[in-house]
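Asks: Dropping the structure in here first, questions after.
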Amino acid sequence: MLKPRATAQGGVLNCNVSSIMLVGTGNGTFAWSGPNGFSSTVQNPNVGAAGTYNLGCYRSERLHKQRFH
């Protein structure tokens, strides 16, 4: 099983960049969580809030996590 990996694409959030894409890789079902109650099961969600995002990848009753900020 590939462990999940999280990266961000699109630059840094600032006055000129209002959203970036979080990119999750690995096998299974994705579960993102982050600031302001953010949650998503989309593999590559777009986000507009600065902060720490967590990625969980679920498969066969196993959980692997990675934190991205």
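Asks: Which number in (1) at pLDDT 85 or above; (2) more than 12 Å from A8 (Cα to Cα); (3) assigned to a strand (DSSP E or B) marks the one condition that G56 misses?
Replies: (1)
Asks: Right, next: Cβ contacts < 8 Å: first residue in contact (Cβ under 8 Å) with a residue 40 or more places away in the chain, restricted to the stretch 13-26; second residue aliphatic (A, V, I, L, M), any location; separation 6+ or different chain. Result?
Replies: The qualifying pairs are L22/A6; L22/A8; L22/V47; L22/L55.
Asks: Follow-up. Could you check how many residues of the stretch 14-39 are surrounded by 10 or more Cβ atoms within 10 Å (Cβ to Cβ) and farther than 17 Å from C57 by Cα? Steps first, please.
Replies: Keep residues of the stretch 14-39 that are surrounded by 10 or more Cβ atoms within 10 Å (Cβ to Cβ), which gives 17-35, 38-39.
Retained after the next criterion (residues that are farther than 17 Å from C57 by Cα): 17-21, 35.
Qualifying residue count for the region: 6.
The values are calculated or read from the model by the stated rules, or taken from the named source; none is laboratory data. For clarity, every value in this text was computed on a predicted model and none was experimentally measured. As a convention, Cβ positions derive from the backbone with ideal geometry for all residues, glycine included, and neighbour counts pool all protein chains shown.
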